[in-house]
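The next block holds one structure in the form of structure tokens; read it before the comments.
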Amino acid sequence: MKAIAPPINPTLVLDTDCVKLWTVEEYYRLWELGLIGVNERCELIAGQILLMAAKGTNHVLALRLLASALGTLIDDSVAFISTQDPIHLDDFSEPEPDLAIVRGTILDYGVSHPHPEDILLVVEVADSTLKIDCEVKAQLYAIANIREYWVLDLKNRQLVVFRNPSESGYRDRQSVDATGVVSPVGLGNISLSIAAMLPPEKK
């Protein structure tokens, strides 16, 4: 008989000091032991294993458009585009952002995943995940000192740009609508249209 998860009680608050936090090493061990199913899409965030939302067609199309637009602007001898691959932030966090621009070439990362100092830009595409992307992940990336973080907000057709990281979060947050352009810091003199990242509006 298949186990049924108990209903979540919203009034139940756990003391975080009593919660087991997983390290990256333990997380991979769970995979090896088969305790995380091969078809379960998840990532390790601040010692907690988070299930990742299913990606709809709009999400997939936006990510392809974004990767294609950035790919024409980036010198592949200096950096490359990584999509939905792990980045190792610390011993307790290994998220899999929708897109990251990583220093060097893909052959530089045959032994370990990229670390914060290797990351020039992180992007999450948000359709149903806007709150966690703009709050939880924004703080996670800021603490890791990721210089620039974008959230492509599909529902509101805008790009949320986070810059100037600190231990308490990003100091600068700006929303750019579909008519605007953005110039990522640390990538030279390039500009990208927000409209080029967004799927066509449905009529």
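Evaluate the following for LEU130: is it over 26 Å from GLN48 (Cβ atoms), surrounded by 12 or more Cβ atoms within 10 Å (Cβ to Cβ) and within 15 Å of the chain's Cα centre (by Cα)?
no
Within the stretch 133-146, can you find the residues that are surrounded by fewer than 20 Cβ atoms within 10 Å (Cβ to Cβ) and either touching a helix residue (DSSP H, G or I) at 6+ places or on another chain (Cβ under 6 Å) or not hydrophobic (A, V, I, L, M, F, W, C) (or both)?
GLU135, GLN139, ASN145 - these are the residues of the stretch 133-146 that are surrounded by fewer than 20 Cβ atoms within 10 Å (Cβ to Cβ) and either touching a helix residue (DSSP H, G or I) at 6+ places or on another chain (Cβ under 6 Å) or not hydrophobic (A, V, I, L, M, F, W, C) (or both).
Tell me the residue from GLY37, GLY56, GLY71 that is over 30 Å from LEU187 (Cα atoms) and either modelled with pLDDT of 90 or more or not polar (S, T, N, Q) (or both), please.
GLY37
Could you check, for the stretch 68-80, whether at least one of its residues is within 14 Å of the chain's Cα centre (by Cα) and either within 30 Å of TRP22 (Cβ to Cβ) or among the β-branched types (Val, Ile, Thr) (or both)?
So far as the stretch 68-80 goes, no, none of its residues is within 14 Å of the chain's Cα centre (by Cα) and either within 30 Å of TRP22 (Cβ to Cβ) or among the β-branched types (Val, Ile, Thr) (or both).
For residues in the stretch 32-48 being within 17 Å of ASP85 (Cα to Cα) and free of Cβ contacts under 8 Å to residues at least 40 places away in the same chain, which is surrounded by the most Cβ atoms within 10 Å (Cβ to Cβ)?
In this case the residue turns out to be CYS42.
For the list (1) closer than 22 Å to VAL136 by Cα; (2) surrounded by fewer than 19 Cβ atoms within 10 Å (Cβ to Cβ), I need the number of the one condition that LEU63 fails.
(2)
Go through the residues of the stretch 147-162 one by one and say whether even a single one is surrounded by fewer than 18 Cβ atoms within 10 Å (Cβ to Cβ) and more than 24 Å from VAL60 (Cα to Cα).
No.
Name every residue in the stretch 65-89 that is among the β-branched types (Val, Ile, Thr), in contact with a helix residue (DSSP H, G or I) (Cβ under 8 Å, 6 or more places away or on another chain) and part of a loop (DSSP other than H, G, I, E, B), in order of residue number.
If the condition is that a residue be among the β-branched types (Val, Ile, Thr), in contact with a helix residue (DSSP H, G or I) (Cβ under 8 Å, 6 or more places away or on another chain) and part of a loop (DSSP other than H, G, I, E, B), then ILE87 is the only one that fits.
Looking at (1) among the hydroxyl-bearing types (Ser, Thr, Tyr); (2) out of contact with any Leu (no Cβ under 7 Å at 6 or more places or on another chain); (3) farther than 24 Å from MET197 by Cα, find the lone condition where SER93 falls short.
SER93 satisfies every listed condition except (2).
Out of curiosity, is GLY71 touching a strand residue (DSSP E or B) at 6+ places or on another chain (Cβ under 8 Å), over 24 Å from ALA142 (Cα atoms), surrounded by fewer than 17 Cβ atoms within 10 Å (Cβ to Cβ) and not hydrophobic (A, V, I, L, M, F, W, C)?
The answer is yes for GLY71.
Among the residues of the stretch 171-202, what is the count of those that are among the basic types (Lys, Arg) and surrounded by 15 or more Cβ atoms within 10 Å (Cβ to Cβ)?
1
Within the stretch 176-200, how many residues are of a type in the set (S, T, N, Q) and in contact (Cβ under 8 Å) with a residue 40 or more places away in the chain?
Of the residues in that region, 1 qualify.
Taking only the stretch 97-106 into account, find how many residues are at negative phi, surrounded by fewer than 18 Cβ atoms within 10 Å (Cβ to Cβ) and outside any strand (DSSP E or B).
2
The values are calculated or read from the model by the stated rules, or taken from the named source; none is laboratory data. Treat the numbers as computed from the prediction; the structure is a model and nothing was measured. A quick note on method: Cβ atoms are made from the backbone with ideal geometry, for glycine too, and the neighbour counts reach across all protein chains shown.
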